[in-house]
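> I'd like to ask you about the structure that follows.
Throughout, read-outs are computed from the coordinates displayed, never taken from laboratory work. What you see is a predicted model; the values in this text were computed from it and never measured. Note: ideal-geometry Cβ built from the backbone for every residue, glycine included; neighbour counts use all protein chains shown.
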Amino acid sequence: MIKQKCIECGKEYNVDEIVYNCECGGLLEIVYDLENLEVSRETFKNREFGVWRYKEFLPVKDENKIISLKEGNTPLYRCKNLEEIFGVKELYVKHEGANPTGSFKDRGMTVGVSLANTLNIKSVGCASTGNTSASLAAYSAKAGMNCIVLLPEGKVALGKLAQAMFYGAKVLEVMGNFDYALEMVRELANKKYVYLLNSVNPFRLEGQKTIGFEIAEQLNWDVPDRVIVPVGNAGNISAIWKGFKEFYKTGLIDSLPKMTGIQAEGANPIVRAFKKGKEDIEPYPNPETVATAIRIGNPVNAKKALRAIYESKGYAEDVSDEEILNAQKLLARKEGIFVEPASASSIAGLKKLLEEGIIDKDEKIVCITTGHGLKDPDAAIRACEKPIKVKNIDDILKIISN
Ligand code: F0G
C-alpha cells in the first residue's frame with residue numbers, strides 16, 4: 001500500500017486525501033511497501049528512459065491518467081576539462097536543463113499533475129521563482145486544467161516568465177518575495193481554490209527522486225561518493241536522497257552518496273542551520289542573489305533537506321554571486337554546458353569545498369545543474385562583453401587581425 005506519512009509523528013494519509021501538511025504541522029512523504037517490492041536491475045532494462053521507467057517507485061498506477069512530456073533521461077556528462085582545472089578524479093554534471101521546459105521541475109510535475117488528474121482536479125496553482133511556474137503551466141495545459149501562478153514581482157528571469165505566460169497560465173505578480181507568494185498560494189489551496197503543486201506537495205518529490213535513480217543507472221549502478229545540489233526551497237535535495245535510499249533498500253545499489261547542498265550567500269538559511277548543527281532553520285528575512293531561482297529565505301522542505309544532509313554525512317555551503325557567475329561561465333566555456341546562475345551554484349560549491357578541503361580530490365562527484373541557461377538571458381548577456389558592431393568586411397578583418 002502506498003501512503004502519505006508525516007515525517008514527524010508518523011500519521012498516515014491515503015494517496016487520494018488532499019492534505020499538504022500533517023495535522024501536527026509536519027511535512028508529508030510518500031511511503032511504499034519496499035520490503036515486498038520485487039525489482040531487480042533487469043526490471044527496467046527494456047523500458048523507455050525517463051521518469052516513468054521507474055513506475056514501481058511512483059504513486060500513480062493508472063497509466064491512462066499519466067500526463068507526460070517525456071521528461072527525465074537527461075544527460076550525465078563526464079567533465080574532463082573541469083576535472084583537470086579542479087584537480088579531481090571523476091566529475092560528472094547531470095544536466096537537468098535538458099528537460100522539456102528546461103528544468104528538473106518537469107520530473108516533479110509529471111507525477112504531481114498526473115496525481116491531480118487521478119483526483120479529477122480542475123485547477124492547480126503554485127508560487128514560483130520561475131521554473132516551477134513554467135513547468136506547471138505546461139503540464140496543466142496538456143492536462144486541460146486551469147493554472148494560476150504567483151510570482152515575485154520583478155524577480156523572475158525572462159525565459160521563465162515567457163513560458164508561464166505562453167503556456168496559458170494566469171500569471172499574478174506578487175508585490176513581495178517568493179516566501180510571501182508561497183504563503184498566499186498555500187492559503188488559496190487551503191481554501192480549496194487550487195490544488196497546490198509546490199514542493200510541499202510530497203507527490204512532486206516522487207518525480208524528482210528519479211534524478212537519483214538515473215544517476216545510479218547511468219553510472220552502471222556504481223553510486224557516486226557525492227552529489228552536489230543547488231538548494232532553494234529544499235525539495236530537490238530531499239527528493240534525490242529519497243531516491244538513492246529507496247534503491248539502496250531494495251538492493252539495487254550498495255552504497256549511498258553524501259548529499260551536499262549549496263545556497264547563495266544572500267539566501268542561506270539551510271547553510272546557517274547546518275553550520276550550527278541544527279535540525280531547523282531560522283527564516284532569512286530579505287533574501288537577495290543574482291541566482292533568482294534560489295532567492296528563498298524560508299524553504300518549506302528545510303527539515304527534510306537537513307535530515308538528508310546529516311543522514312548522508314554530507315555538507316552545506318554557501319557561495320557568493322561572483323562565485324556563481326564565474327562557475328556559470330566556466331561550465332559553458334570549458335564543457336559547453338549552458339546553465340542558469342542558480343544551477344551553477346553546484347559547480348561554485350564544488351570549487352569552494354575542494355579549496356576548503358571538505359571534498360576529497362579522489363571522490364567520484366556528480367553536480368546537478370538544475371536549469372537551462374536560456375532561462376535567464378539577461379544574466380547571461382550582462383556577464384559578457386557586448387557584441388561588436390560592424391559595417392563592412394574591412395571592419396571585420398580589422399577585428400580579426402587584432
Ligand atoms: N535550481 C533551479 C534552477 C530552481 O529553479 C530551483 C527552484 C532550485 C535550483 C532549487 O530547488 O527548491 O527544490 O531546493 N526553483 C523553485 C521555483 C523555487 O519556483 O522554480 P529546490
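> Amide H neighbours of Cys147 under 5 Å, counting only residues 5+ apart in sequence or on other chains, H built in-plane at 1.01 Å?
Val124, Lys170
> Related question: Once amide H atoms are built 1.01 Å from N in the peptide plane, which residues 5 or more positions from Arg226, or in another chain, come under 5 Å H to H?
Lys258, Lys364, Val366
> In percent, what relative contact order does the stretch 199-354 have, based on Cα pairs under 8 Å that are 6 or more apart in sequence?
For the stretch 199-354, the relative contact order is 24 percent.
> Let me ask another. ³J(HN,Hα) across the stretch 17-23 via Karplus (A = 6.51, B = -1.76, C = 1.60, θ = phi - 60°), whole Hz, x for Gly/Pro?
Couplings: 8, 8, 9, 9, 9, 5, 5 Hz.
> Can you tell me the relative contact order of the chain? Whole percent, Cα pairs under 8 Å, sequence separation 6 or more.
That works out to 17 percent.
> Can you tally the lysine pairs in the stretch 137-232 where the Cα-Cα distance is under 24 Å and the two residues are eight or more apart, or on different chains?
Number of lysine pairs found: 9.
> Using only Cα atoms, find the angle between the long axis of helix 105-118 and the longest principal axis of the chain, and express it within 0 to 90 degrees, rounded to the nearest 10.
Taking the Cα atoms of the chain, the angle to 105-118 is about 30 degrees.
> What number comes out for the charge environment of Pro377, summing +1 per Lys or Arg and -1 per Asp or Glu over other residues with Cβ under 12 Å away?
Around Pro377, the charge tally is 0.
> Please report the net charge: other residues with Cβ closer than 10 Å to the Cβ of Ala127, K and R +1, D and E -1.
-1
> All other residues with a Cβ under 13 Å from the Cβ of Asn36 taken together, and with Lys, Arg as +1 and Asp, Glu as -1, what is their net charge?
The answer is -3.
> Next question, about the same structure. So which GluC sites (Glu not before Pro) in the stretch 149-230 pass both tests, a DSSP loop state and at most 14 other Cβ atoms within 10 Å of the Cβ?
Those that pass, being in a loop and sparsely packed, are Glu153.
> For a footprinting-style exposure proxy, rank Cys9, Cys367, Cys147, Cys79 by other Cβ within 10 Å, fewest first.
In increasing order of surrounding Cβ atoms, one gets Cys9, Cys79, Cys147, Cys367.
> Provide the per-residue ³J(HN,Hα) series for the stretch 334-346, in order, calculated from phi with Karplus coefficients 6.51, -1.76, 1.60 and θ = phi - 60°, each as a whole number of Hz, with x at glycine and proline positions.
10, 10, x, 10, 9, 10, 7, x, 3, 5, 6, 5, 5
> Take Leu374, project a point 7 Å from its Cα along the Cβ direction, then tell me which residues of the stretch 93-133 have their backbone nitrogen under 19 Å from it.
95-107, 130-133
> Collect residues whose amide H, placed 1.01 Å from N in the peptide plane, falls under 5 Å from the amide H of Asp318; neighbours closer than 5 in sequence don't count.
Those lying under 5 Å, H to H, from Asp318 are Gln263.
> Count the lysine pairs in the stretch 269-350 whose Cα atoms lie under 21 Å apart, taking only pairs 8 or more positions apart in sequence or on different chains.
11
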